[in-house]
Amino acid sequence: MVVSEIVIPKKQKRNSSKGCELVTCLNSKLKSGFNLVFHSPLLCVIVFPNAHITLYPFTPARPPVSLPAALGGQSWGHEEVSESVKEYIVMKQRLMVRAFSRTLTLVQSYRPSRTAFSTASSSFAIKNVTKSNFDSSLADLRRHVRDSDFVAIDLEMTGVMSSPWRESFEFDRFDIRYLKVKDSAEKFAVVQFGVCPFRWDPTKQSFIAHPHNFYIFPRQEIGGDDSSYEFLCQTSSIEFLAKYQFDFNTCVKEGISYLSRAQEDDVRLQLHSAHENEPSESPYTAKEFKDVPLVRMADILFVDRMKNKISEWHDDLLQIRNGGSHRTQEDSNDSSDQFQAIFFKTCPSIKLNGFTSRQLRLIKSVVEKSFKDLAYIRVNNGSCFQQIIVYTNSRRELELLMNEAKESHFKVAEMKIEAAIGFRHVIDLLSSEQKLIVGHNCFLDIAHICRKFVGPLPSNLEEYAPLVQKNFPFIIDTKILLNACNILQLKMKKSSTSLAKAFAILCPHIASGVDSFGSAHNNPVAVEVQVDDMRSSNWNSGAKHEAGYDAFMTGCIFAQSCNHLGINFTSHSTLMKEDKLQNYINLLYLSWSSGDTVDLKSGQTRTESSSLNVFKNQQLKILFPNIVLIWGFPSKLKAREIKESLTKVFGLTSVTSIFHLDKTAVFVQFIKPELVSDFLKLKSTIEKKKNDAIYVLHPFSDLLEGGRTGAACYEVYKEICGSPISKPLFADQAEAITVNLDSKRLESMAHKTDSFAESESAIDTKTAETTGEILGLASC
């Protein structure tokens, strides 16, 4: 039984009391899904499984807005309502009150069942979380995650690829696929994070889902270097977010900031270092306060005026201390506002107001140079720091005051660090509870989580896998599950395993918002959604590609998949220990299109043998030692023309395949690995003779046209992909990286040559030839 809405008009005070009585009655009978709203039009609506009762509380002189519909669709003005119409309205109201009374009787005897929980689709909004309601939402989320059986996640980012050639290619090795994902996680921002805990309710035989949609933004909350975070935006990704009504203003203005664990450690280390190294004899003040040279006349005049002002106050204190009287103040109001006499820790003090940062530095310099018994300190007054000049009677009192201010500042700084952790509290919660994390094609999502909230990503996949395992020991990818499990493949009918498609096929009763419990053929898993005090058994917010809703869809797909696998949710064993899931837990796609996967437990990689991948492997067998990378040739050259130029030199069967990275870069796979080094050497030799007449007749002349053509073996491709540089064209990227690599190699070669020269006083000619090959970009 669900009461969707009760609406009581603001001006109907006599009916408002009845409405309150109704609320009390319903609240005593129902325990969920109730909402009371006061507003116009003058309408009261109650909706539950087999009734729709409408009550019109109004004054006869002012008919309700919905009256025309109640009177057969006629249009009525206020002055056109005749006495007969008023009588009809009164009669209609009495009839509705009787029907309403009978409805309340039904309410008292109504007992909800799973089948009749709600017949209409519920579309209340998802729980959006920003910095304004983060603390309260986090407290609720802690409880939901602690009680959950698994937690589904989803992320929305500002982009995926920093350059077109960083797309995942067939010729990419496992380690290179990781480097491309690493680059994406380092360069783009996460702007929305969906978290949806699922808990099995054995009494209702259904899952209870709690979808949360977090807006996050990498705002720098602490740090004294005035730097800010930078991230890339990919136009197609931003356009995609805008298409689905992503609220960019909420993200930037209200998004929750965060600190990674590594950032927190660095900031705390800096804080502790500054705290320990702060001299005990000087006040604990900000680093920006340094002695300011008096290079301007305005500064000189300001320093003299401040010295006189502070001297007057200081002399007054001494005079009062010696039994004299306080001198009459003749200062202007502005001056008294800027110098406010207070007591700080029982010590006479002056609070400085309305001065610029430069003026404060000058005042500090005056105090330290001219007054031995005065101290300039900075204290926290709750919302900001306040600059104060304090008078002390002794050196000991001064030291105690300074130490107290120092400790206070330290505690405030620690509180700021704790507050700046922000959204990472959610990640720490998921990590500490060690729940089963469910994602859909989530290797990039997990990389973003580790980079944004844990720390810098390792340079290789072998070190990355244990990092993920340490923080999230149980992860399951629903895309792996759908593609690798024969039972689910039959259910999907070999259809696309995209999130939306899988949700529509496996969870039609949720996707359509219509209950299908009674259907023996479908036998779906029931999922109830709870958002704050609202609950529904067929919830559909309609917010596709919103992280919170996508996380909900992911969790529903997983629950339904487990149901098809015959997993018993009522058993006391946890899902991550379920035997039928062991082959899929911690197995993630490096690239789902190629079927390349990584086992996070062992760090081992393999290619899944789906029908699509088997067909690809039969068509093309990739041998990485046989691959040479060529870039910088004229864009007019096509793969067929490049192959012709190579086969004219090395034989008709020498080249097995050519694959374009972009318009001026290709992979070339030779039939034998020896041909890679043969090509590189020949290319270097021909380029040295480019001024010869025979050069234009060589089959490589078109390939080398322009003088910018570079080539290298596959290992150099790995170095290029691992670089943080991202040029749009691969040729520009390769040129920047290989020049850097060659410089390092030449330095290493020069070091070896110098060592050799010291012992032999000669340079081997073979070494010189090798150096020449490096300069020609023909060496690997």
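I want to make sure I understand the PRE zone here: with the label point 7 angstrom from the Cα of Lys577 toward its beta carbon, which residues in the stretch 465-497 have backbone N atoms less than 17 Å away?
Taking a point 7 Å out along Cα→Cβ of Lys577, the residues of the stretch 465-497 whose backbone N falls under 17 Å are 473-475.
If you project the alpha carbons of the stretch 336-471 onto the principal axes, what extent comes out on each, in Å, largest first?
Dimensions of the stretch 336-471 along the principal axes of its Cα atoms: 66, 30, 26 Å.
Which order do Asp428, Asp445 fall in if you start with the one that has the fewest other Cβ atoms within 10 Å?
Sorted ascending by nearby Cβ count, the order is Asp428, Asp445.
Let me check I've understood the local charge: for Gln489, count other residues with C-beta under 14 angstrom from its C-beta, Lys and Arg +1, Asp and Glu -1. What total comes out?
Neighbour charge sum, excluding Gln489 itself: +4.
Please give the charge dipole size of the stretch 620-736, origin at the Cα centre, charges +1 on K and R Cβ atoms and -1 on D and E Cβ atoms. Round to the nearest 20 debye.
Using only the charged Cβ atoms, the result is roughly 180 debye.
Spin-label point model (7 Å from Cα, Cβ direction): what's the Val649 to Asp533 distance in nm?
Taking the simple label geometry, Val649 and Asp533 are separated by 7.8 nm.
Using 18 Å as the cut-off for backbone N distance, which residues of the stretch 711-728 belong to the label zone defined by a point 7 Å from the Cα of Glu687 along Cα→Cβ?
So the set is 711-720.
To make sure I understand, if each residue's beta carbon is the centre and we count other beta carbons within 10 Å, what order do Leu141, Leu271 fall in, fewest to most?
Taking fewest neighbouring Cβ atoms as first place, the list is Leu271, Leu141.
Can you find, among Cys384, Asn403, Val366, the residue sitting farthest towards the positive end of the charge dipole of the stretch 366-405, where Lys and Arg contribute +1 and Asp and Glu -1 at Cβ?
Highest projection toward the positive end goes to Val366.
Would you tally the net charge around Glu463, using a Cβ to Cβ cut-off of less than 14 Å, leaving Glu463 out, and scoring K and R as +1, D and E as -1? If you can, show how the numbers build up before the last one.
Numbers: positive: Lys182, Arg451, Lys470; negative: Asp175, Glu462.
Here the count lands on +1.
Going by Cα centres, the stretch 156-190 and the stretch 425-482 are how many Å apart?
Result: 16 Å between the Cα centres.
Rounded, prolate or oblate: which fits the stretch 620-736 when a ≥ b ≥ c are the square roots of the eigenvalues of the alpha-carbon gyration tensor, with rounded for a/c under 1.5 and prolate only if a/b beats b/c? The partial results should precede the final answer.
On the way: a/c = 1.61, a/b = 1.16, b/c = 1.39.
It comes out oblate by the Cα gyration axes.
Tell me whether the stretch 389-538 comes out rounded, prolate or oblate; compute the Cα gyration tensor, take square roots of the eigenvalues as a ≥ b ≥ c, and use a/c under 1.5 as the rounded threshold.
Prolate.
In nm, to one decimal, how far is the Glu239 label point from the His564 one, both placed 7 Å along Cα→Cβ?
Label at Glu239, label at His564, 3.4 nm between them.
Given a cut-off of under 8 Å on Cα pairs at least six residues apart, what relative contact order in percent is computed for the stretch 620-736?
37 percent
Around Ile417, under 15 Å between beta carbons, what's the net of Lys plus Arg minus Asp minus Glu among the other residues?
-1
Readers should treat all values here as calculations from the given coordinates under stated rules, not as data from a laboratory. As the structure is a prediction and not an experimental result, all values here were calculated from the model. Glycine gets a Cβ as well: all are built from the backbone with ideal geometry, and neighbour counts include every protein chain shown.
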